[in-house]
């Protein structure tokens, strides 16, 4: 607490003077209160929860049926310069696909995904990356899957038929 301690100064005159009093403020209670408040607010606050994407992996035994009907498939191939090549259906030797190109702009891949959702609500999107694609492109396309509320999508390896189709159309 605060206390006042009287001190007497040496006097040379005979005139009575007011005594100077030294003032000392004890800060201990205020520091205790500050730490109590700090502890209280640290213990009662809720911290931001981390946002994680739900990822479902196929069964480890390899017996899971993952065949996608061609009528309900959209394949996205991420290329260089943030380009997205896409085709509807599956690219096979019997039925080669017609490759189209778009980007991540407002009228780009999001519109393609929304059109797919209107056409076929149970469609599966196959996401493939070319060697020229950047990690940011993968993150952007996964964000588009979340924004357009796509229920089924998969990250798939780029096969030889898709490489040939990409090479033919990007010249």
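Laboratory data are not the source of any read-out in this text; all were calculated from the coordinates shown. Quantities reported herein were computed from a predicted structural model and do not represent experimental measurements. Positions of Cβ are backbone-derived with ideal geometry, glycine not excepted, and every protein chain shown enters the neighbour counts.
Taking the C-alpha atoms of segment 70-169, how large are the radius of gyration and the largest Cα-Cα span, Dmax, in Å?
12.4, 34
Using Cβ contacts closer than 10 Å as the measure, can you line up 23, 47 from fewest to most?
By the 10 Å Cβ count, ascending: 47, 23.
Going by C-beta contacts inside 10 Å, put 78, 90 in order with the fewest on the left.
90, 78
Report the Rg/Rh value for segment 111-160, based on alpha-carbon coordinates and the Kirkwood definition of Rh.
My calculation puts Rg/Rh at 0.98.
Using Cα pairs under 8 angstrom and six or more residues apart, how large is the relative contact order of segment 70-169, in percent?
31
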